[in-house]
Structure formats: structure tokens, C-alpha cells
Amino acid sequence: MEQFEQLRATMVDNQIRTRGVTEPALLARMALLPRERFVPADRQSVAYSDDLHWLGQGAKRRFIMAPAKLAKLLQLAAITSDEAVLEIGAATGYGTAVIAGLASSVVGLEADADLAARAAATLTDLGIANATIRVGDIAALGGSKFDVIFVQGALDSVPEAMLGALKPGGRLIAVLPTDGVAVAHVFVRTGKTITGRAEFDLSLPLLNQEPPVAEFVF
């Protein structure tokens, strides 16, 4: 639809480029993908707003990251076309679809079976053949190794299982607390050693965090 195409272009130009994202392949991919296909039906009109979208049911819910924050983290990941990527917290698959345009292959891991089914169906409908959605946690991957692991949500700390899924030279991108501030980090595996570095402040809800309770003002 022309309306969504215009909103998509505005998202890239006014939200993403203005946050210092300059990677051409990433910008082109986000300008192409119909983000409205991945958000709840009642939020399609605001699919391209600079905000996250809460998803799912139950005590802990997933979310789709705000476009500019997703783009900042993916630029930090510096994914190349020959790399295999694991995305943790795939939700409805928007991030998975973006990554599929940058990487050789991507596995989107999602604990919520309903969200995973929706993600898989949407990726199939869009003809994205190099992306796979798996249900469960990292143990469900059977020891597979990846060049890049991308976490869609903040962590209190990085689980050893995530670091163990990195190939030699592989890197993990995650948001972690540092001195009370949420900061994007890169962790790199060199042999048996993991080194990490903090890059920039970026606040995100915790992975599978409960959504905020609405406050009423009288």
C-alpha cells in the first residue's frame, strides 16, 4: 500500500538515519520490509512509529523493538552476507526478516509457540527462504554454532549457553546494565576466551519482561 510505503520511507529517513545508522544494506532492507505485517492488527496504523509493540499473552510477554533501536544494534552487529546468525527472542519475526537480508542464514528462536507460528507463516508469505523459526530456548538448537548471536531484549547477564553457541571469532550483541545504565555490548569469542566491550547507551525491556502497568491520573 502506498500509505505504508510512505511511512516506511519516513521511518528510515527520520528515525533511523538520524540516529547515526549509515549501513547501506541495513537501510535498504528496512526500507523494503512491510513492518505492518509483523505488528498486531490493531496497531498497523502505528507500525512505523518510533516505539515498541507488546505481543503475546501470559505473565511474560514479548515485544517488537522500536525501529531505530533495532537498526542501531544491527549496525553494531556488522553482519556480513556469509554469516550464520541466531536471533534470540524472534517474536513475530520482524528482526529475523531484517537479518535475513544481511546474512547467509538466520535462525529466529522464540519461546512463545503462537508467536513462533505467526513468525514462520509471515516469513513464508514474504518468500524469505534463508530464515528459520524455532520454538524453545537455546538448548533446542542441539549445539549449533553461529557467527553472530543477536538478543532481542535486555539481559541481566549473558548466559553461558549463549556464549557457548558462538563460533570461533563469533560475536554476541546484547544490552546489559552497566553502572545502572542499559548499554549495548559486543562479546567476541577468541579461542576459549570471551572479551566484551560496551558501546552505547540503549534502553530495552528485559527479554520476556512483563509489560508496564498503565497508570491512571485523576
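The values are calculated or read from the model by the stated rules, or taken from the named source; none is laboratory data. What you see is a predicted model, and the numbers here were worked out from it, not measured in a lab. With ideal geometry, Cβ positions are generated from the backbone for all residues, glycine too; neighbour counts draw on all protein chains shown.
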(request) For Val151, indicate whether it is modelled with pLDDT of 95 or more and under 28 Å from Ala113 (Cα atoms). (result) yes
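What about Ser81, is it surrounded by fewer than 24 Cβ atoms within 10 Å (Cβ to Cβ), in contact with a strand residue (DSSP E or B) (Cβ under 7 Å, 6 or more places away or on another chain) and hydroxyl-bearing (Ser, Thr, Tyr)? Steps first, please.
Details: surrounded by fewer than 24 Cβ atoms within 10 Å (Cβ to Cβ): yes; in contact with a strand residue (DSSP E or B) (Cβ under 7 Å, 6 or more places away or on another chain): no; hydroxyl-bearing (Ser, Thr, Tyr): yes.
No: the conditions fail for Ser81.
Residue by residue through segment 3-58, note down the ones that are part of a loop (DSSP other than H, G, I, E, B) and more than 22 Å from Ala120 (Cα to Cα).
Across segment 3-58, the qualifying residues are Gly20, Val21, Thr22, Glu23, Ser49, Asp50, Asp51.
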(message) Test of understanding: among Ala9, Ala25, Ala47, which residue is surrounded by fewer than 18 Cβ atoms within 10 Å (Cβ to Cβ) and farther than 19 Å from Leu102 by Cβ?
(response) Ala9
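Out of Leu204, Leu176, I need the residue that is modelled with pLDDT of 90 or more, of a type outside the set (S, T, N, Q), more than 23 Å from Thr80 (Cα to Cα) and in a loop (DSSP other than H, G, I, E, B). Which one?
Values: Leu176 fails: in a loop (DSSP other than H, G, I, E, B).
Going through Leu204, Leu176 in turn, just one is modelled with pLDDT of 90 or more, of a type outside the set (S, T, N, Q), more than 23 Å from Thr80 (Cα to Cα) and in a loop (DSSP other than H, G, I, E, B): Leu204.
Being assigned to a loop (DSSP other than H, G, I, E, B), in contact with a Gly (Cβ under 9 Å, 6 or more places away or on another chain) and within 26 Å of Asp50 (Cβ to Cβ): is that true of Ala91 here? Working first, answer last.
Numbers: assigned to a loop (DSSP other than H, G, I, E, B): yes; in contact with a Gly (Cβ under 9 Å, 6 or more places away or on another chain): yes; within 26 Å of Asp50 (Cβ to Cβ): yes.
Against the criterion (assigned to a loop (DSSP other than H, G, I, E, B), in contact with a Gly (Cβ under 9 Å, 6 or more places away or on another chain) and within 26 Å of Asp50 (Cβ to Cβ)), Ala91 qualifies.
To keep it simple, each residue is scored yes or no on (1) crowded, with 18+ Cβ neighbours inside 10 Å; (2) within 21 Å of Gly93 (Cβ to Cβ); (3) polar (S, T, N, Q).
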position	(1), (2), (3)
Ala116	yes, yes, no
Ala119	yes, yes, no
Ala161	no, no, no
Ala165	yes, yes, no
Phe200	no, no, no
Ser203	no, no, yes
(message) Just the residues that are farther than 14 Å from Ala184 by Cβ, modelled with pLDDT of 90 or more and among the charged types (D, E, K, R), please, taken from segment 45-75.
(response) Asp50, Asp51
(request) Hey, could you check segment 179-198 for residues that are part of a loop (DSSP other than H, G, I, E, B) and among the small types (Gly, Ala, Ser) and say which is surrounded by the fewest Cβ atoms within 10 Å (Cβ to Cβ)? (result) Gly180
(message) Of everything in segment 141-152, what is in contact with a strand residue (DSSP E or B) (Cβ under 6 Å, 6 or more places away or on another chain) and not in a loop (DSSP other than H, G, I, E, B)? Give them in sequence order.
(response) Phe146, Asp147, Val148, Ile149, Phe150, Val151
